[in-house]
Amino acid sequence: MIEATTTGSSIHLRAQSNCALCPFTGKRKVGAEHPATAKLMLVGEAPGETEEQLGKPFSGASGRLLNWVISQVGLFRPALWITNVIYCRPPQNDISTIDGSDAIDACAPGFRAELEAAYDAGVRTILALGAVATKAFGITGAIHDVRGSVYTYTTYSGKKFNVIPTYHPAAIMRQHWKRSGGGTADAAVLWQADFRKAKAISEDGYAPYEERFNLQPTVADVTAFVEKAISSNALVAVDTETTGLSYDYARIVVIGLAVSPEDALSVPILTDHGRPYWKPEEWITVSAALNKLFQTCDQVYQNCFFDVPILRKNGFEVPFEKILYDTLLVHHTLSPETKHDLATITSLYGKTPFWKSEFRDRETTILDMDQMVMRRYNLRDCVVLHQVLPAMLDDLRTLKLEELWRTEVHPLIPVVLEMTETGVGFSPSRMATYRNTLTAHLAALKTELLTDMSLPDTFNLDSDDHIRWFLYGIEPTSFKHLPELATKKPGTKIYAELSGLKKVHDEGGPRYILPSWTPPKTDTGKPAVDKEGLLAYRIQLNNRLSTIKSPEEQSAIRRLLDWMTKLTEYNRIGKLLSTYTKYKPDLDGRIRPRWIIHGTVSGRLACRDPNLMNLPKPKDDPTDPASPVRSFFVAAPGNVFVSCDYINLEAQLLAFETEDPILCAVFEQGLNLHDLNTRSMFKIEPDNPRWKSARKAAKVFFFGGISYGGGDQTIYQKVYLEAPELNLTFADFKRAKDSWMRDHPAYVAWKNRIITTVMRDRELRTEFGRLRQFLGNAADIGKEALDFMIQSAGASLVNRASARIYARLRQEGLSAKFVLQIHDQLVLECPESEAESVKAIVVEEMERPFLYHGKPRRIPVEATIGPDFGAV
Ligand code: URA
């Protein structure tokens, strides 16, 4: 038991606290660290165990992390005023209890008095660490929303502080260098930024922006705004609010326009409950003024891929070349691995305090909410673009990313906009035929699977529980209800269900169980029966098969293996059916996915809703069930697709990057990469009967383990799946891999160099200038780094070629349009008569030589012309 003593001279600061009413009264009080003069104050929650023992705030684990960030941003702890909302330690460090809130109330008078004293010592800026401290200053909202914003707090006596909420060190400790739900490690990065901001404000002071917003304009206001913007050559920040996201049905409610961090005009189109804001004759003038603005002034957006297509669909003439900046893309260029939403960007570079909740958390539709609140929200979305842009452009310069922006990212904007707007033609009848064929195929497989093992008709092949019971003998928890069957009435639904389950229990159990085998577990801790789980089991069954002598056991295993091969096919067909037979075209019959430039850390485009990047690659076998999918995507009558694909892009870049002599020789002398790899791994020649299988294995190994730096176990499983007839054990695989590595010392040296660098710097830059910070766990970043160097270089080549092609097509007056960019393949649609000219341009631009490590390089492409995507 620690004695309740007071420490230091700071306790008097809380003399006004109502300790008599506090549930924690009698505990040791942990006072503030309070230098005689201080500019910045840090406010935590309550002391923890170490703090209570030592009588010093932030002296335990949280304190150590706090000390780290303090030194990281160039602050000096002895110069900081450090305190907590309450001075006594809550039981189990839990302040979220009723006692905890009573303690906060009891300590509040003392806390307020301490703030007065801090002001007198010179404190004007406060970092509120975590939700409890943030709330103590009357700031509402979730910490991840309000963090990084600057709020004014006024004491009873009228003293004013700038208060910046940020994460508590304990929250950072929980996710330091870990990717949180969104796949980022933002918290640690943002935390440091908040400390930097607090330091700067404590040293230089803070002047918030005014909001000179016109929310109810007249026609004259709009025309005057436009004239002034044009005559002053203003960069105009634009943002639209719409009634939804649908390309066909979304209507624009308001267009926000800002010409400075403070000056903005709202141009409503619809107002309360969907009424038009303008009379028809007014609208003629207003829309003409807007079109003039869009055609004359340079513009900045946050995600122009949303606003610009909607504006153009609604008749506004927004030329792509007038889009000078997109803050989302600038931020992605600066910091590919963190979040790029506008609130986060503003918390880093701007001043408007978090403003998103009034719109985001509304309880009505956009047209039924308070229109003034909605328009103010929209204009904040605009003015912040002017607040953040100059500082972000500064960072582009400082980080030497300007050229990447200029030569790769910015020129990609029109390409992606065009692709978004154009969409891709689609044949619903081909998809319907495919769906019918697959459904029949699936039904036939189901019958075979049930018949082969005499399984009851209530056995559900799609139920993981049933599969676990059949393969591993693990009883589903539902079996515990079986005794209830005796109590149920025949003819009822529950009776039918339980009798079905009983059949599964009696007739669906395991036919063979592998001795001493523990299946791998899924994330939820259940034995895995997904693709990987089944594969691992097949590998083990095969291993057993090669060691046992009993013909009965051998035949049981063979039978099970055959069944599992069929089950894998059944699962694959099911997946094809659920993934590739649900496309919904827009009213004009075209599919318009979202192409996302900021969707990957490498700079490769991502594609969503639907994701066309994952369209199965046509196999050499035209009867493969996946092969028809690409042919759903068709050119319009009279048009064709021109497709161009880099040949072996990643392998070639790997050769240039590592300067591995064998890999370089492959491409310089036209040798066969996979033949060489097969020899290197397995030390066999083409006349060996195992050659064909070994070559398949070598191919998987090279693409998975070398190009992508995949882990040994994963690659081994993939190799096994591709060439099961090789019967490769893990040890065989490792030997083959080591053999390859011995033949490629330059690759190994490169790999080691990259991994060492990323571990040391947590940062890498590609040959094309793209910079990435690596915020993940140390265990992951080595592989990520190897991947990044190759993937991102590939992205740069594809992106830069796309931008050049786009410019050339315009120069030469051709009407071809980009419709797809899938990995290393570009697909354009054009009239048949243009096809050969377009193909020549695409080939020339994609094959244009470039310098890599100072040496001129060129990567060949394969070009085709055809009526649908399956044919190119
Ligand atoms: N957590 C806090 O909030 N304050 C401390 O002093 C220590 C841990």
Meets criteria (open to solvent by less than 20 Å² (accessible area, probe 1.4 Å), polar (S, T, N, Q) and outside any helix (DSSP H, G or I)) for T338: yes
Pick from the stretch 527-553, criterion among the β-branched types (V, I, T) and not in a helix (DSSP H, G or I), ranking: surrounded by the most Cβ atoms within 10 Å (Cβ to Cβ): V529
Answer from E845, E829 - the residue that is part of a helix (DSSP H, G or I) and open to solvent by less than 40 Å² (accessible area, probe 1.4 Å): E845
The one condition in (1) within 13 Å of the ligand (Cβ to nearest atom); (2) part of a loop (DSSP other than H, G, I, E, B); (3) within 23 Å of V123 (Cα to Cα) that V43 fails to fulfil: (2)
Among residues of the stretch 8-34, those that are open to solvent by less than 40 Å² (accessible area, probe 1.4 Å), farther than 17 Å from F58 by Cα and part of a loop (DSSP other than H, G, I, E, B), counted: 3
Lone qualifier among A229, A258, A234 - being closer than 22 Å to P390 by Cβ, open to solvent by 10 Å² or more (accessible area, probe 1.4 Å), in contact with a helix residue (DSSP H, G or I) (Cβ under 9 Å, 6 or more places away or on another chain) and among the small types (G, A, S): A234
Criterion: away from the ligand (no atom under 13 Å from the Cβ) and open to solvent by less than 20 Å² (accessible area, probe 1.4 Å) - qualifying residue of G74, G110, G48: G110
Qualifying positions in the stretch 612-626 - open to solvent by 30 Å² or more (accessible area, probe 1.4 Å) and under 30 Å from the mean Cα position of the chain (by Cα): N614, K617, P618, K619
Flag for A38 being crowded, with 17+ Cβ neighbours inside 10 Å, part of a loop (DSSP other than H, G, I, E, B) and under 39 Å from the mean Cα position of the chain (by Cα): no
Residue within the stretch 315-324 that is within 28 Å of the chain's Cα centre (by Cα) and within 23 Å of C607 (Cβ to Cβ) present: yes
Residue within the stretch 82-95 that is touching a Pro at 6+ places or on another chain (Cβ under 8 Å), open to solvent by less than 60 Å² (accessible area, probe 1.4 Å) and more than 12 Å from the ligand (Cβ to nearest atom) present: no
Residue list for the stretch 417-456, restricted to those being under 30 Å from K502 (Cβ atoms) and either in contact with a Cys (Cβ under 8 Å, 6 or more places away or on another chain) or in contact (Cβ under 8 Å) with a residue 12 or more places away in the chain (or both): T439, L442, L445, K446, E448, L449, D452, M453, S454, L455, P456
Residue that is farthest from the ligand (Cβ to nearest atom) [pool: residues in the stretch 51-71 that are of a type outside the set (K, R) and outside any helix (DSSP H, G or I)]: G55
Scope the stretch 813-823; condition surrounded by fewer than 21 Cβ atoms within 10 Å (Cβ to Cβ) and either at pLDDT 95 or above or assigned to a helix (DSSP H, G or I) (or both); matching residues: G813, L814, S815, K817
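The values are calculated or read from the model by the stated rules, or taken from the named source; none is laboratory data. From a predicted model like this one, the values you see are computed outputs, not experimental measurements. All Cβ positions, even for glycine, are placed from backbone atoms using ideal geometry, and neighbour counts span all protein chains on display. With ligands, DNA and RNA removed, areas are computed over all heavy atoms of the protein, side chains included. Shrake-Rupley method; radii C 1.70, N 1.55, O 1.52, S 1.80 Å.
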